[in-house]
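Input: a single structure, listed below in structure tokens.
The values are calculated or read from the model by the stated rules, or taken from the named source; none is laboratory data. Just so we're clear, the structure is a prediction, and the values are computed from it rather than from any experiment. For neighbour counting, all protein chains shown are included, and Cβ atoms are generated from backbone atoms with ideal geometry for every residue, glycine included. We work out accessible area using only protein heavy atoms, side chains counted, and drop any ligands, DNA or RNA first. Shrake-Rupley method; radii C 1.70, N 1.55, O 1.52, S 1.80 Å.
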Amino acid sequence: MIKRTTLALLLVTAILLVAAGEASATSSYMSAFNSRYGASATKLNTCTLCHLSASGGNNFNPYGSDIRATGLSSSQSLASVESRDSDGDTFNNITEINARTFPGLATDRPATTPPPPPPPPPPPPPSSVLTRITVSPASSALMVGESRQLSAAAFDQNGQPMSVAFTWASSNAAVGTISGSGLFTARGAGTATLTASSGSVRGTATATVSAIAPPPPPPTPGLTYDVTFMVINERTGRPLSSARVTLDGNRERTGDSGRVTFRRVSTGAHVYTVTRDGYRQVTASVSVDGNEQVMVRMTSTSSGSRDGRRDNDDDDD
């Protein structure tokens, strides 16, 4: 009986010594941890910091196993494993300790702040809006039957050129028409506004068309007329006789009345020359479309009359 009691006491004593040693070890690491990291008032101040059980024991979590594996003192071992990620949750031990999460428990990790969303893409540049159309040339002057090529240019709200299709129109088709490519053709006298448009935007130019005077009718073949020349002194107005008049190569002299007539002169323009001694030659043309009378004034080459007397040439008449 005495032996059994003695054995029981020894067993209890041994258990108490082992427990005391473990408690002493736990107290030593815990004290060093709390002192190093200021964690005494946090949830980390518990045996589960290093053990799988809150009561401690010989079953260690990954953090406790890493500390034991160093073989260093409590303070040295704590420092040596700070950079490790003992529980494999992508956060190293010191990060978890500072965040007050268990470095040996993968399910207890620091709260992560999601990265800020990327900035929104810049807004697209504003679409080009057709704002202005110009037409060149801005004004044109044409004769009936002539053509003029016009061109148009389009610009957006920023003054930048744009590529658009144009519709061409003339305000007065009687004055002129314009093709789809901007070719204006003059039809009649007047003014027309020429428009190049795209949608509601338009540009304009003006075209002024003049009529061509019709040519004179051709002379009627076979008709002839009389052409009478009257030659006078330009200063006195007196008729000059013996003046030589040449028309179409035919020469005649004026009579006392200063007249001479050419018969059967065909229609059309004819050049004539008049000469007389003491007078300057006269050369001109006459257009014949009927019987014609031509007045020729000749200028004397002398100094003229003196003391009211007539020109010497007049005295010869």
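Of note:
- Solvent-accessible area per residue for region 133-206 (1.4 angstrom probe, square angstrom): 51
- Stretchable slack from GLN157 to MET143, in nm (0.36 nm times residue separation minus alpha-carbon distance): 1.2 nm
- Label zone at SER28, where the point sits 7 Å out along the Cα-to-Cβ direction: region 56-70 residues whose backbone N lies under 13 Å: 68
- For region 228-296 versus region 113-180, the spacing of their alpha-carbon centroids is 68 Å.
- Orientation-averaged projected area, Cα convex hull of region 157-203 (nm²): 3.8
- Charge tally around THR193: other residues with Cβ under 15 Å, Lys/Arg +1 each, Asp/Glu -1 each, net +3.
- Computed from the Cβ-Cβ distance with R0 of 41 Å, the FRET efficiency linking ASP256 to ALA211 stands at 0.20.
- A full extension of the chain between SER285 and THR236 corresponds to an added length of 15.2 nm, given 0.36 nm per residue minus the alpha carbon distance.
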